Amino acid sequence: MGTACPRGCAKRGSHTDTGDILRAARLHGSAPARKVGRPEAREPWRHACGPRRRPRSGDQANAHGRVSRCLRPGAGAAGQAGDPGGRRDGRVHRGDRGAEAGRRRDHQERARRQEGGVTFQICCEGLGRRFPSARGHVDALVDVHLELSSGRLVAVRGPSGCGKSTLLNLLGLLDRPTAGRLQIDGVEVGAMADAAAAVLRREKVGFLFQDAGLIDRMSVLDNVLLPLGYRRLAGARRLQSARAAIQALGLAERTHARVDALSGGERQRVGLARVLALRPSLIICDEPTASLDEANSGLVVDHLLAAAVDGALVVCASHDPIVIERADTRLVMERGRLVAVEGAT
């Protein structure tokens, strides 16, 4: 029968012979170490009772003799003043590196926006989209020439079936044009591989649709956090962005409520919070206020305008007079053609 370690180490099971007991005793400091043929006696850090890596200078051992793998700032010698990462060699944790990189990106983005320069632009030249049909084909979009810059709320209006949603799908990289050229943020979309288009869409574009596209069985917070996970941000930064967006939309008290328990106006605000938490360069909205009353419609438009002021390009297809009247630019479409552009682009 095996004998337990005399220092009560955390190894599962027990030491089976006197040699194991002596080696454990040397490791814990109660017996002098001597070199023998076994690797754990020559290098105690390899022993199952010891640490899982080589000890480094400045490491702190706990009462059981195990070396702490990662010390918090201010803990022992590794938390000395001037060591921002909480480690003696100045290195930081992987999560801290992700958060720091995110903060740098935010700072650079704010700096570009404060300079007043164009940070995002869309250029369409002869853009067209043709769909096959039983009678041949249908031209949903025909010869569209357009340039849009960041910092504006653009409303697309026109009768049903005029090509508004088709245009939004092309701008949001959900579809590819069959004619003409489309440049998004200086990148030619027609020459992009599907994987590259997916990356650009993930990093640059946010979507807000009429039904909000929420997952009913999940909470408000989980719905807002979901797309942030694809951005590969640090967990703490994702949570901070999600909570800030939820609070900005007046939903702080509903943070942990299931989506299927929310009203229509609350669901749409959750969808908007999910978009704003991403801080995208391009926001695509398809009838975002169609099912809302006047008060909630005004609130949604307020936040879309705030996003535009902050440097985003917001393109919104809508029949709502509130959206159309408050937009910086209005695009008028008929039968798949862009017939008028009202306001600056």
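The values are calculated or read from the model by the stated rules, or taken from the named source; none is laboratory data. Bear in mind that the values here come from a model prediction, so they are computed numbers and not experimental data. Virtual Cβ from ideal backbone geometry, glycine too; neighbours counted across all protein chains shown.
Only one of the listed residues (Leu221, Leu282, Leu249) is touching a Gly at 6+ places or on another chain (Cβ under 8 Å) and of a type in the set (A, V, I, L, M). That residue is Leu282.
Check segment 133-149 and report whether any residue there is more than 20 Å from Arg337 (Cβ to Cβ) and under 31 Å from the mean Cα position of the chain (by Cα). Yes, the conditions are met somewhere in segment 133-149.
Scanning segment 285-297 for residues that are at pLDDT 90 or above and under 19 Å from Ala245 (Cβ atoms) yields one hit, Cys285.
Give me a count of the residues in segment 317-345 that are part of a loop (DSSP other than H, G, I, E, B) and acidic (Asp, Glu). Residues meeting the conditions: 2.
Cβ separations smaller than 9 Å between residues 6+ apart or across chains give the following pairs from segment 300-316 residues that are part of a helix (DSSP H, G or I) to residues that are polar (S, T, N, Q): Val300/Gln268; Val300/Thr289; Val301/Thr289; Ala308/Ser150.
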